[in-house]
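Comments concern the structure below.
The values are calculated or read from the model by the stated rules, or taken from the named source; none is laboratory data. What you see is a predicted model, and the numbers here were worked out from it, not measured in a lab. Using ideal geometry, Cβ is built from the backbone for each residue, glycine included, and neighbour counts are taken over all protein chains shown. We work out accessible area using only protein heavy atoms, side chains counted, and drop any ligands, DNA or RNA first. Shrake-Rupley method; radii C 1.70, N 1.55, O 1.52, S 1.80 Å.
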Amino acid sequence: MKLIGVDVGGTFTDVVFTDTESQAVAIHKVPTTPRDPSEGVIRGLGEICERFGIPRGEVQHVLHGTTIATNAVLEYKGAATGMVTTEGYRDILHIGRHQRPQHYSIMQEVPWQDRPLVRRRHRKTVPERLVPPDGEVLVALDEEAVRQAARELKEAGVEAIAVCFLYSYINPDHEARAREIVLEEYPDCFVTTSSTVSPQFREFERFTTAAMNAFIGPKVRTYVEDLEAALAANHFAADLHVMGSNGGVATAAMVAERPILTLLSGPAAGVLGGAMSGERSGRRDLITLDIGGTSADIGLIVDGRFAEATARDTWIGGYPLMAPMIDIHTIGAGGGSIAHVDAGGAFRVGPQSAGAEPGPAAYGRGGEAPTVTDAHVVLGRLQPGNFLGGEMDLDAAASAAAIDGLAAELGLGREEAAEGILTIVNANMANAISSRTVQKGHDPREFSLVAFGGAGPLHGVEVARDLGIPEVIVPPYPGITSAAGLLTTDLKYDAIRTEFQVSGSVDGDRLSRDFEAMREGLAAQFAADGLAADQVAYQRGGDLRYVGQGYELRVPFADGPVDAANLAGVFQAFEDIHTTEYGHVFEDNPIEIVNIRVTGIGQMPKIDPPEVTTEGDLAAALLETVDCHFRWNGELRALPTPLYAREGLPVGAMVAGPTIVLQKDTTTVIPPGARARAEAGGNLRIETGG
């Protein structure tokens, strides 16, 4: 089966092809087209097929990682959105939980107040009321009021409407009927309900999640539909699947309805690609560091399983969300990050980025600001004539001019200023990794760092040294690891129900029935996607807490009836996880089952990169020796540095730093004191020597 993964980054769009029968693999990169990312996607697909003789009609699946939803939120460029909600609860989106992002600052932005997803004039209320615990109807839905609200919102020019009622996570009937009425009055509108997007308690987060789904809905739906049409117009008969934040892919139809599933689309694929690379080196405790042109994405994998975000730390663009996603931390640190002196005189790097247009000064597209990429060029770590395998020339003079301006402002020499840029950006990434490891009870020294993305291998060893991490793994195709990660995953859908059952009085029969009902709902979705029952597996879990706690921990449930033995295992697992997370348990406190979950996983064909069999003389892989600047014995010096071709490194060959390894999609820097070995699995494993 022929598959193509395509991941859109801030600077480049990465493409990887595999034939699962022959195990052939081909990679390609094209510049990202920010105005319409689909143009870069189609160009990349077309060029990889032409270059490697791949018949377009024989490609069965195109798997896509996209930033459309993420950028719409971060740039606040979504649709004009309206809301229909319960009478008396118009301002839930504004009030929130009386929490402020910075507790003691009087000069701060509160996103849900200063940049509301739904403006107050577009929030309409209607009479209706459900009450817990069973969702009994206290006040019937006023259907005429819903019609009037829909007419008013249509007249106001909104493009999307979120229907959010109290306690709809228990009984979705009112929301479902209101959606029908809105579509009757306004058929062209994107309409979503909170019970479809996030059927769980916490009104503020549930309403915000539904509002965000509506806010990004028209843009994502249009993008997906246009991309499907472009694929057909360019003679691709492949099915389009889009990467979800939960580590699985979804069909184009599912994404068009629930675009919020894709908020961490590209970064999630990177974590999967990093996990695949770690497995090939026999490592299951990994920190993934994906550095692109505009950002660095950090993920954590413990014993082969990626960490899942919980309700307390799921925020996008400053808005709280309740949607299944991998726990990924993103900072503004990439090849295009701009170095500057701030108003207080401090030397800073990022989060502003030169992006793809104009890009770093080295790209020769008009950029003049000093960036991380320009610093690498000045220090000799990026070779102007061997960037993207020689397909793109870098302008060394422009990089030097950009760094010189910053150096003059700082009173430093050119190389000192360039090294300072890298030192600061590396420290920013090390601090971010520390926040996801040390602050969560993990010792980074017990992990391997998987460095990928176009810039990851340039920084990996120095970031690892800052944290005491002993080794860095560089995948075979680091620059397209996120795209390759797309080809390692399956269809994945999640279902959730709120339960509120306390240990000692748990209704196991009810939990069993609810688990089965959710499984049946997911099975129907997979059947609609064309998967047979034997292609789907299910995993059960729950969100548990001690009674009185504010947030929950994710705990697996064993298969089978939820009886006393099953529950005993669940509660023990909760206490084990609580000990890991917080360092203690409350042995006499009752435990509450807040939500239960079912995850369905539908099998997809996957990439299986062949073993590397390169043999021969290491000297044959040597391209040349050049002077590169490294700090050695406390002094920044120009050191003779061999340049090796990655594809020519024999398996088992050891190279000591300072060394630079070149390949089309990235450059790997092995600084003095480190050494690297090429492995049969295709990875380059570097002992940091820090």
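Things worth noting here:
- Accessible-area composition of the stretch 129-285, carbon plus sulfur, in percent [1.4 Å probe]: 47
- Here the spin labels are modelled as points 7 Å beyond Cα on the Cα-Cβ line, and at Asp226 and Glu184 they lie 3.4 nm apart.
- Measuring nothing but how far apart in sequence close Cα pairs (under 8 Å, 6+ apart) lie, relative to its length, the stretch 1-144 scores a relative contact order of 18 percent.
- Cα gyration tensor shape for the stretch 375-490, rounded if a/c is under 1.5, else prolate or oblate: oblate
- Relative contact order of the stretch 332-423: 25 percent, from C-alpha pairs under 8 Å at least 6 residues apart in sequence.
- Between helix 396-410 and the chain: long-axis angle, C-alpha atoms, 0 to 90°, nearest 10: 80
- Helix axis angle, 173-185 relative to the chain longest principal axis, alpha carbon, degrees: 80
- In the full protein context, the stretch 190-324 carries 27 Å² of accessible surface per residue, based on a 1.4 Å probe and ignoring ligands, DNA and RNA.
- The stretch 22-77 and the stretch 645-676: distance between their alpha carbon centers, rounded to Å: 28
- Entry note, the chain: relative contact order of 12 percent, from Cα contacts under 8 Å with a spacing of 6+ residues.
- Highest mean first, the peptides 246-255, 39-48, 101-110, 283-292 sorted by other C-beta atoms within 10 Å per residue fall in the order 283-292, 246-255, 39-48, 101-110.
- Taking Cα atoms only, the orientation of helix 143-155 departs from the longest principal axis of the chain by about 40 degrees.
- Helices in the chain, meaning DSSP H runs of at least 4 residues, each add -39500 (n - 2.57). Divided by all residues, the mean residue ellipticity at 222 nm is -10000 deg cm²/dmol.
- Distance between modelled label sites at Arg35 and Met1, nm, 7 Å Cα→Cβ extension: 3.8
- Anisotropy class of the stretch 243-383 from Cα gyration tensor, a/c 1.5 cut: prolate
- Take the stretch 504-657 with all the other protein chains still there, run a 1.4 Å probe, and you get 52 Å² of accessible area per residue.
- Accessible surface, per residue, of the stretch 1-74 when the full set of protein chains is kept, probe 1.4 Å, Å²: 36
- The stretch 641-690, accessible surface, carbon-and-sulfur percent (1.4 angstrom probe): 49
- Simple spin-label estimate for Glu647 and Leu618 in nanometres, 7 Å along Cα-Cβ: 2.2
- Accessible surface of the stretch 5-46 [probe 1.4 Å, protein heavy atoms]: carbon and sulfur percent: 45
- Candidate residues Lys29, Lys124, Lys606: accessible-area rank, largest first, probe 1.4 Å: Lys606, Lys124, Lys29
- Rounded if a/c under 1.5, otherwise prolate or oblate - the stretch 174-262, Cα gyration tensor axes: oblate
- Net charge over other residues, Cβ less than 9 angstrom from the Cβ of Pro267 (K, R count +1; D, E count -1): -2
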